[in-house]
1. Residues with beta-carbon under 10 Å from that of SER61, excluding SER61: net charge, scoring Lys, Arg +1 and Asp, Glu -1?
2. By its C-alpha gyration tensor, with a ≥ b ≥ c as the square roots of the eigenvalues, how is the stretch 14-282 shaped: rounded for a/c under 1.5, else prolate for a/b larger than b/c, else oblate?
3. Take every Cα pair under 8 Å in the stretch 14-282 that's 6+ residues apart, average their separations, divide by the length, and report that relative contact order as a whole percent.
4. For the stretch 13-81, state which trypsin sites (Lys or Arg not before Pro) are in a DSSP loop and have at most 13 other beta carbons lying within 10 Å of their beta carbon.
5. Sort the stretch 54-192 into rounded, prolate or oblate with this rule: let a ≥ b ≥ c be the square roots of the eigenvalues of the Cα gyration tensor; rounded if a/c is under 1.5, and if a/c is not under 1.5, prolate when a/b is larger than b/c, oblate otherwise.
6. Distance check, please: which entries in LYS165/LYS209; LYS65/LYS194; LYS164/LYS194 exceed 20 angstrom between their Cα atoms?
7. Let a ≥ b ≥ c be the square roots of the eigenvalues of the Cα gyration tensor of the stretch 90-154; is it rounded (a/c under 1.5), or, if not, prolate (a/b larger than b/c) or oblate?
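FYI, it's all coordinate maths here, none of it is from the lab. Note that the structure is a prediction, hence the values are computed from the model and not measured. Because the Cβ atoms are built from the backbone with ideal geometry, glycine has one as well, and the counts that use them run over all protein chains shown.
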Amino acid sequence: MTIEPMPVPLEPSPAAAAAVFELHGVRYLYGGRQTALDGIDLRIERGERVALLGANGSGKSTLLKLLDGIIAPSDGTMRALGRDVAAVADGLDSFRFHREVGLVFQDPDVQLFSATVFDDVAFGPLQLGLAQDEVRACCDEALRQMDIAHLSNRAPFELSGGEKKRAAIASVLSLRPDVLLLDEPTASLDPRTKWVLVNLIRQLGEGGKTLVTATHELEIVPLIAERVVVLGENRRVLADGRPAEILADRDLLIRANLIHEHLHEHGGTSHSHDHDLEHHEAE
């Protein structure tokens, strides 16, 4: 089967310069019944590094899919890079949009399907119809950014979990998107691998990309974000602020189910300790 190259997209519209994402009263229902998001108001400016904090089931992944144009709001209005997301979800102007906005899924196996890492990273640029030397340049840059050039000839199934995560990010970076959406990028990684990946994500943000990272791991937030949006278990925005003020608000984190209290008794007296979800899962 021959895949015809897609046309090279036009430059972003001037309307996109004002804000990357604008959401007003956005709701999303799975199957037309189950509420996944319920009245989201959110504006993200170009170049911002935003962490989406929330417990499992709060709607973080659904919100990223909306931002990527995979799905459209059930109610409310949303624009991304000056475009109506409903139109993108319906397939209009889809290729151009996904050249500019890239989503890295939580499960890297969703994005790694080729015989080698290089083939996966090259897949997007090849669809642009770029010359071979341009494809190579895009791939080399993406592999270098994720520090996995030495893995380019390896099969994805031969990689560790952390290597797969980096390869999946590289497969999106090869299209050189202005906006990168990351869904739980450090989930299920050992501590050393997690902090290597956190440092790479931090470097991408410092390089000027707009980053939106969904996570419930509080300790990585100050390194990858300058702004935190907290989603509550009611699937609405519970708080929006700087990392220091959000992470210092113990009551807020408890309400969002990002930390909880353990009550202990010692010698007839009781006291409590805060635990975040990551530590709890390891217990």
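1. 0
2. Values: a/c = 2.07, a/b = 1.32, b/c = 1.57.
Taking the square roots of the gyration eigenvalues as a ≥ b ≥ c, the stretch 14-282 is oblate.
3. Numbers: 507 pairs, mean separation 61.6, N = 269.
It comes to 23 percent, rounded to a whole number.
4. ARG33
5. Values: a/c = 2.48, a/b = 1.30, b/c = 1.91.
Here the stretch 54-192 falls in the oblate category.
6. Working: LYS165/LYS209 18 Å; LYS65/LYS194 23 Å; LYS164/LYS194 12 Å.
Long pairs (Cα-Cα over 20 Å): LYS65/LYS194.
7. Working: a/c = 1.93, a/b = 1.30, b/c = 1.49.
In terms of gyration-tensor shape, oblate.
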